[in-house]
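Nothing in this text is a laboratory measurement; each read-out follows from the coordinates by a stated rule. It should be emphasised that the depicted structure is a prediction, and the values quoted were computed from it without experimental measurement. Please note: Cβ atoms are built from the backbone with ideal geometry, for glycine as well, and neighbour counts cover all protein chains shown.
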Amino acid sequence: MIHRGIAAFVAAVALPAVMSLTGCAPTDQAARARTSPAATAGPGGAERVSPSPRAGAARPAKTGTLSTRALSTLPVEAAATWRLILNGGPFPYPRDGVVFQNRERLLPVRSRGYYHEYTVPTPGSRDRGARRLVSGGGTEELYYTGDHYRSFVIVDVRR
């Protein structure tokens with residue numbers, strides 16, 4: 001119970017305060033609404049344009065463009081999990097298929113319920129491990145994380 005309280009405090013108070021101080025992101029809806037499209041210098045001096053806040057519009061991932069990797073280059077368990085997703089299961093873990101909330105905002109921002117997460121088994125791990133596939137829009141988009149949501153790649157399922 002204490003851990004949930006700490007997590008709630010961090011999510012509600014500490015994280016937004018740190019993000020505000022470091023300039024990472026507006027901390028409230030009103031501040032986001034005031035953000036207008038503006039060109040800013042990105043990494044390496046490249047210009048990037050901030051998205052305009054339109055209702056229902058997808059915004060790009062916070063970290064910029066995600067790299068793309070072929071499904072065949074991921075762990076073999078990822079391809080097996082992808083086949084389970086396409087077939088609707090059965091899934092080996094009770095949490096497979098739950099809504100992925102994209103709290104890290106590393107994926108394009110979409111409405112709640114758009115993303116779902118699935119475990120990519122890690123051989124030798126005593127628990128679910130850190131590897132996940134996250135599908136978006138059913139099976140329209142697929143992302144992989146090998147480090148429990150710290151980073152993602154777009155998965156090209158055709159290769």
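Rounded if a/c is under 1.5, else prolate if a/b is larger than b/c, else oblate: which is the range 68-156, with a ≥ b ≥ c the root eigenvalues of its Cα gyration tensor? Let's see the in-between values first.
On the way: a/c = 1.31, a/b = 1.26, b/c = 1.04.
Taking the square roots of the gyration eigenvalues as a ≥ b ≥ c, the range 68-156 is rounded.
Of the peptides 76-89, 106-119, how do they stack up when ordered by the mean number of other Cβ atoms within 10 Å, highest first?
On the way: 76-89: 14.4, 106-119: 17.3.
Going by the mean number of other Cβ atoms within 10 Å, highest first, we get 106-119, 76-89.
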Item checked: Cα-derived Rg to Rh of the range 100-151, Kirkwood definition -> 0.98
